[in-house]
Amino acid sequence: LYVVIVFIALTLLLYSLLSIPYILRKALDVALNIIKENVQTEVRIDGIRLSLFNNVHLQGIYIEDQAQDTLVYAQKLNVSLSPWRLLKSESLITEIDLEDFNANISQENPDANFNFQFLVDAFAGDTTVTDTTQSSTLRINIKDVTLKNGNLRYDVWSEPTTPGQFNASHIHLVGVDGNAQLP
């Protein structure tokens, strides 16, 4: 009983501290500096707000690729999650809402890595030893993804453009809206 009470008290204390805009901004700045060191590019978040226990609201998210071009910009990103699932080593993200965004995916040629590969590499960790027998591996489950007013762009720079004709090497989607409910 004492452990549960202490856990709840610490959770409420942490939430109370993170409800103070100055402390939340400082915590975000520390996290962004760690991310910037890992990815070696510009990463910014203009605003953050937490709702009690399960919602994170980010504003003005900007990530550059290694050529210092915009990889992703989103005006708003809202994530709802189930923190109680973390006790079971599972992160259940119940909802992701992405609004007013631009995503620019590219490759130098069809055999080259995508321009976001540096992000995958930065957060992949040590992949030399994989122990699949442990149940402590964090699993991520996402149930609902909503996209509003987005622009998606995919280009293979070595391939020629073909104005007026479909070209799988140059796809530009404007005004993307969608909702995906994942099992």
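The values are calculated or read from the model by the stated rules, or taken from the named source; none is laboratory data. None of the values given here were measured: they were computed from a predicted structure. Cβ placement follows ideal geometry from the backbone for every residue including glycine, while neighbour counts extend to all protein chains displayed. Please note that ligands, DNA and RNA were not included when accessible areas were found on the heavy atoms of the full protein model with its side chains. Shrake-Rupley method; radii C 1.70, N 1.55, O 1.52, S 1.80 Å.
Treating only the Cβ atoms of Lys and Arg (+1) and Asp and Glu (-1) as charged, compute the dipole magnitude of the chain about its Cα centre; round to the nearest 20 debye. Don't skip to the answer; put the middle values down first.
Working: 12 positive and 21 negative charges, 184 e Å.
With only Lys, Arg, Asp and Glu charged at Cβ, the dipole is about 880 debye.
Would you calculate a helix-derived [θ] at 222 nm for the chain, using -39,500 (n - 2.57) for each DSSP H run of n ≥ 4 and dividing by the full residue count, to the nearest 500?
Taking each H run of at least 4 residues, the total per residue is -8000 deg cm²/dmol.
Excluding residue 118 itself, what net charge comes from residues whose Cβ is under 11 Å from its Cβ, given Lys and Arg +1 and Asp and Glu -1? Walk me through the numbers before you get to the answer.
On the way: positive: none; negative: 64, 65, 121.
Once all neighbours under 11 Å are counted, the net charge is -3.
Might you work out the accessible area of residue 177 for me, using a 1.4 Å probe with all protein chains in place, and round it to the nearest 10 Å²?
Taking all protein chains as shown, residue 177 has close to 110 Å².
Looking at (i) 39, 16, 12; (ii) 29, 18, 14; (iii) 34, 20, 18, which value of semi-axes √(5λ) of the Cα gyration tensor in Å comes from a calculation on the structure shown?
Entry (iii).
Sorting check: for 104-113, 73-82, which peptide has the highest mean count of neighbouring beta carbons within 10 Å, and how do the rest follow? If you can, show how the numbers build up before the last one.
On the way: 104-113: 13.6, 73-82: 17.5.
Ranking the peptides 104-113, 73-82 by packing returns 73-82, 104-113.
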